[in-house]
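The values are calculated or read from the model by the stated rules, or taken from the named source; none is laboratory data. Because the structure is a prediction, the values reported are computed rather than measured. FYI the Cβ positions are ideal-geometry reconstructions off the backbone, even for glycines, and counts take in every protein chain you see. Note: areas computed on protein heavy atoms with side chains; ligands, DNA, RNA excluded. Shrake-Rupley method; radii C 1.70, N 1.55, O 1.52, S 1.80 Å.
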Amino acid sequence: MNPALQNPELQKKVDNLLARMSLDQKIGQMTQAERMTCTPEQLKQYHLGSILSGGGSTPGENRPADWVDMNDAYWAASLEEDADHLAIPLIYGVDAIHGNNNVLGATVFPHNIGLGATNDPDLLNSIAQVTAREILATGVEWTFAPTLAVARDNHWGRVYESYSEDPEIVRSYAGKFVEGLQADLGDDSVVACVKHWVGDGGTNNGIDQGETTLSLNELERTHMSPYYPALEAGVLTVMVSFNSWNGDKCHGHQALVTDVLKGQLKFDGFVVSDWDGIDYLAEDYYQAVALGVNSGIDMFMVPENWQTFIQHLRKHVELGTVPLSRIDDAVRRILLVKHACGLFDKPRPSQRKWSNHASFGSDEHRAVAREAVQKSLVLLKNDGNLLPLQRKSRILVAGKNADNRGHQCGGFTVAWQGTDGNEFIEGGTSLWEGIQSLSPTAVLSEDGSVAEASPENFDCAIVVIGERPYAEGMGDIRMNNDVIVEAGSQIKGSMKVLEPYGHTLELAELHPEDLATIQRITEQGIPCVVVLISGRTLLINKELEQSTAFVAAWLPGSEGQGVADVLFGDANFQGKLAFSWPKKARPPINRGDKDYDPLFPYGYGLTCQRT
Ligand code: GLC
């Protein structure tokens, strides 16, 4: 039970307000629309409780001021009380999952897979505090973070949103991150949302939104236990998973949502659905609405068809197929959270402490991200102690990810699927820019031909390789759709299947350009430091063999300088693998498995002998 929500005074205020609300106003509070489908006038007309920005859905020039102006308009509309509308402030939600990553000029932190390698819970708390300020700078009050997925199969397109394959690290971060975001629920706080309840990381074959087949005992031990410290820390919202558990979709799962989360675990904030998450509960959307509401979900992320949702839910309440008591429970929870985080007492967004604050994207904030990058790097190989490099060495820099801030940030950055090139990531440094600042004589091989690679001119090369950005199912590694049918075969209901990123984890097949670049350099007798930018562990045997030193840099975010700092010894390597590094694609390999035989084990990471 969350003391902030159990406050008797608050409960009384909420009960009084609830007693004044019409059915339309109650159903409106349970409805969350996307900003592109709902004007401030419509928000008032339908009494909506929340608006969200989907990944990449940004107002105006996508500067903090544009966000604040947008939120001012929604806020004013929500508080315009008249005969038909009660003044209840909306809550605006975004996916600020590695900084306020949607907004131009934001500090973009390493994605969770890299943060897992730091094994530094206090750093996570600092990251959350900075992230909260950069969210508040845009007039937004709610982030759909942290993700508490325990990713068990690296074929999954969302591995990088997971801190680790093992619940131990995730548990150690969950409470710290929530505390960093929510703090004292005052002016420096935003509402956190732990997700996705429950078992998203256990999806069979790493198929996004698929089937998680586990005993209750295993589901609890691996996938539920990371939520406990977050609940302890007073997290105010929980998002439901698209996945099914043993064939039953979480969005319709009364046992998991109501009996376990709200009952046994005494969660008293509110539960929000995922994006159209109830659509897949039944062919008939009308039925799906009742299944979702009766499972215990309180707020519905219905980005486009929110008016249909409202109509259907009203009908269900009139017919009694959704009891009014369920509506009242949902609205009570929503109102309690809005009161507890001070929404009813705040001024409009543009009048708040952090709105349009100069600290947005500041050097001070970026220094926290740079430290996180330094601590996230895992050194897998360092023959002849090639690393750390000398600044005065003659260094050739190559590889498609060497000078690409978009690629180093990965998905959920400015756009849902991320960006390419440097233009959309303002204020940060690519790895190349970081290297150049420490070793001004370094040369960038622009076109990847590395024609200039000759041992007369260069002592060594830094080759930055790996993946392009992706998000969710578009990051899956899947053969083709029949795998989906097989994996999804026991799912009751349907599922959304997106075009996958590729069909193999073998990097040399997935991105042959990388090995080709490395080989063209090593054939000249020039030793290579290979830096892998990736959202997951990949099969890297061939690239590893060709390299003299090999660094896993994950998705470091905007501060590529942090990578250069460690390559040149200004900071030592300290990162340890939070994911086992596999020798082969299947079966997936995780800490504690029988016959555990990784290429590099969970917890592995070299340091440099001299710094
Ligand atoms: C997405 C994701 C979820 C995100 C939501 C809003 O589908 O599953 O993590 O918070 O939609 O963008």
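Structural remarks
- Rounded to 10°, Cα long-axis angle of helix 306-319 versus longest principal axis of the chain: 40
- Amide H contacts of Val103 (H built 1.01 Å from N, in plane; Pro and chain starts excluded): Val414 sit under 5 Å, all sequence-distant by 5 or more or on other chains.
- Using the Cβ-Cβ distance between Ser494 and Met36 with R0 = 30 Å, the FRET efficiency computed as 1/(1 + (r/R0)^6) comes to roughly 0.75.
- On Cα atoms only, tilt of 512-522 relative to the major axis of the chain in degrees: 30
- Rg in Å to one decimal, and Dmax rounded to a whole Å, for the range 1-99 via C-alpha atoms: 15.1, 44
- Gain in span if fully extended, Leu18 to Leu86, counting 0.36 nm per residue against the direct Cα distance: 23.4 nm
- Label point at Ser449 placed 7 Å out along Cα→Cβ; residues across the range 522-537 whose backbone nitrogen lies under 14 Å: none
- Note, ³J(HN,Hα) from phi for the range 363-377, Karplus 6.51, -1.76, 1.60, rounded to Hz, x at Gly and Pro: 4, 4, 5, 5, 5, 5, 5, 5, 5, 5, 4, 3, 7, 8, 6
- Antiparallel content of DSSP bridges confined to the range 3-351, in %, to 5: 10
- Of all beta bridges that DSSP places with both ends in the chain, some 20 percent have antiparallel geometry.
- 12 Å reach of a label modelled at Asn7, 7 Å along Cα-to-Cβ, counting backbone N of the range 331-366: 336-346
- For the chain, the longest principal axis of the alpha carbon atoms and the long axis of helix 64-78 meet at an angle near 10°.
- DSSP bridge pairs, the range 455-611: antiparallel proportion in percent, nearest 5: 5
- Paramagnetic label zone (point 7 Å from Cα along Cα-to-C-beta, Lys266; backbone N under 11 Å) in the range 218-236: 232
- Accessible solvent surface per residue of the chain, calculated while the other protein chains remain in place, 1.4 angstrom probe, Å²: 33
- Percent carbon-and-sulfur accessible area, the chain, ignoring ligands, DNA and RNA, probe 1.4 Å: 49
- Residue (of Ala516, Pro556, Gly605) at the positive-pole extreme of the chain, dipole from beta-carbon charges: Gly605
- Taking each DSSP H run with n ≥ 4 as -39500 (n - 2.57) and averaging over every residue of the chain yields -9500 deg cm²/dmol at 222 nm.
- Of Lys176/Lys496; Lys266/Lys353; Lys249/Lys496, those spanning more than 24 Å from alpha-carbon to alpha-carbon: Lys176/Lys496; Lys266/Lys353
- Calculated over the range 42-82, the projected area of the Cα convex hull averaged across directions stands at 3.1 nm².
- Cα centroid separation, the range 359-388 to the range 92-121 (Å): 15
- The distance between label points at Lys346 and Asp329 comes to 2.8 nm (points 7 Å beyond Cα on the Cα→Cβ vector).
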